[in-house]
Structure formats: structure tokens, C-alpha cells
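The values are calculated or read from the model by the stated rules, or taken from the named source; none is laboratory data. Worth saying up front: this structure is predicted, and the values here are computed from it rather than measured. All Cβ positions, even for glycine, are placed from backbone atoms using ideal geometry, and neighbour counts span all protein chains on display.
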Amino acid sequence: MKFLHTILFATLLAAPAMAEGVGPFAAAEVVRADQLYLKRPLVVFADSPNDPNFIRQMELLAEGYPQLDERDVVVVTDTDPDARSEWRLDLRPRGFSLVIVDKDLNPVIRKPSPWTVREITAAIDKLPTRRQEVLERNPAGR
């Protein structure tokens, strides 16, 4: 029953975020090539939607969609290993895995346990492409 409440809660929180383009979106809904230089995919893998790490990660992400949107992140979830999505074939996760993919579609960070939005955004802010974006948006900050 708790799982159903979690899914309902995540769905309600995700509804406004989907309009912004953050997600979460199922892996089958997001074409990897379409994200090239537009979005930073944050891919959450699990072998089942009932995985406690997956549930915890989705709860943590639901708290910070505005911060993720500011960094051009799209959240992609893949909880069906049998579907063999293009994300799963390219990134080859084992069990639960959180993968941050940069805008050039190269994976830059892989984690075997849930991360807070604060940890995720701090890691993204250290990427060279993110630093360049910040400088372009605020040239006086050089």
C-alpha cells in the first residue's frame, strides 16, 4: 500500500514538472539522440519499480525539480530490464543505478545508491559544460 501512495505522490508532483520538461519520463518515452546538446539526462535504473532505492530516489528527486530544470535536466526512469531500452543497452546498469549524462550524451557520474538533489546539482555544477553555460548566461561573472 505504501508503494501505491509513493507512486501517486510522485505522479502528482511530476505533473507540473512534466510541463517544464524535467520528468520523470519512462525510458521508452525519451529518445536518447533527441537530447543531444539540449538536455542533461539523469537516468534512474532499477530492476523493479518496487526497489527501495528506486522509490527513495524518486522521493528525493520530487523535492527538487526546479533546481534540476535550471540545469536542463530531464529525468528518465527504467525499471524493466526485460524491455532492453536504448538507455539500458547504452549505459549497462546492474541493479539500481543513478547515471548523470552530460549534454554530449556521455555518462559522467554513476552511483549505486540514491543521491539528494543537492548532491546531484553540485556534481552537475562542476561539469565543464555547466560552467560554460553559467558564464554565457552571466558574462560579468568572469
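For the reader, a short list of remarks on this structure follows.
- Tallying residues that are among the aliphatic types (A, V, I, L, M) and closer than 21 Å to Ala122 by Cβ within the stretch 90-105 yields 4.
- Strands (runs of 3 or more DSSP E) fully within the stretch 72-142 that include at least 2 residues being not hydrophobic (A, V, I, L, M, F, W, C): 73-78, 107-111.
- Leu42 meets each of the listed conditions (1) more than 19 Å from Asp104 (Cβ to Cβ); (2) surrounded by 15 or more Cβ atoms within 10 Å (Cβ to Cβ); (3) modelled with pLDDT of 95 or more apart from (1).
- Where Ile120 falls short, out of the listed (1) under 29 Å from Leu135 (Cα atoms); (2) touching an Asp or Glu at 6+ places or on another chain (Cβ under 9 Å); (3) surrounded by 18 or more Cβ atoms within 10 Å (Cβ to Cβ): (2)
- For Tyr37: the one exception among (1) farther than 16 Å from Arg118 by Cα; (2) modelled with pLDDT of 95 or more; (3) not in a strand (DSSP E or B): (2)
- Residues that are surrounded by 15 or more Cβ atoms within 10 Å (Cβ to Cβ) and within 17 Å of Asn50 (Cα to Cα) within the stretch 69-92 comprise Val76, Thr77, Asp78, Thr79, Asp80, Pro81, listed in sequence order.
- Any chance Val108 is under 12 Å from Leu42 (Cβ atoms), buried (at least 19 other Cβ atoms within 10 Å of the Cβ) and among the aliphatic types (A, V, I, L, M): no
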